[in-house]
Structure formats: C-alpha cells, structure tokens
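Read through the structure below, which is laid out as structure tokens, and then see the notes.
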Amino acid sequence: MHLFFDCVYSQDIWRPFLMNLPCQPLQAFSDIVSWIHASIRIRKLSIICKLFLQATVYEIWKERNPRLHNQVSIPADVLTRQIRQILKSKLAFLDSHSNTTHEFRVLQEESFLSNWFRYIQV
C-alpha cells in the first residue's frame, strides 16, 4: 500500500484531487474498503470517486514499472493532468450515454462533469 498512498510521489498525485472531495483521505487498505462501501449522498459523486480511485491506482502502477525497470519517470504534476483528462473523458462519455438512455431523470440531476467540477477540480 505504500506505493499507492504513503510515498511522497503518490501523495503529490492524490492531494490535488482529495482536497476538495467530501470524503476522508485514503491512508490504508481498510480506508479504501470503507470508502468504497460508504454511501455518499450524491450518487454520481459516488461513481466519480470509484472511477477516480481506479484510475489513480492504475496510473500510479503504470508509472512504477518504467521507473523501476528503465529509470524513466513522469513528474507527479504530469501524471495528475493525465488522470484528470482520463476521468473527464470517461465522465463526458457517461453524461452523453445517460442523456440518450435516461433523459427525463438526468434533467433533474447534475451531470457527472458538473459534479466533477463542483467537488474535485475546483
């Protein structure tokens, strides 16, 4: 778990995202399990948090391999921008898909991207 949450590099990636989320910072595996199972009041924000966790852990793991085997690294701020772009693209897709399949219900909810900009990328 050190790689994903405790090392300085990982903390530099998590910090810009977590400072605006209405959830506790993740520091141990038990925190992750609790966080994933916790019921966040805003359904779309709950989905965003799960996608964010998945994308961030995956991108940190992908960064680890070239760093370890080839001594090539990506600065934390560059990886943070990449994660942001991945998530915004996925959320835009979810919004467009929601608009075509559940049009009436979506009109009464904020979009995934609206929630992203309200709570995460302020």
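Flag: residue 74 does not match the condition of being surrounded by 13 or more Cβ atoms within 10 Å (Cβ to Cβ), on the phi < 0 side of the Ramachandran plot and assigned to a helix (DSSP H, G or I). Residue pairs whose Cβ atoms lie under 6 Å apart, separated by 6 or more positions or on different chains, with the first residue in the range 66-80 and more than 14 Å from residue 7 (Cβ to Cβ) and the second polar (S, T, N, Q), do not occur. In the condition set (1) of a type outside the set (Lys, Arg); (2) surrounded by fewer than 15 Cβ atoms within 10 Å (Cβ to Cβ); (3) modelled with pLDDT of 65 or more, residue 25 is compliant with all but (3).
The values are calculated or read from the model by the stated rules, or taken from the named source; none is laboratory data. Just so you know, these numbers come straight off a predicted model, no measurement behind them. Cβ atoms come from the backbone with ideal geometry, glycine included; neighbour counts cover every protein chain shown.
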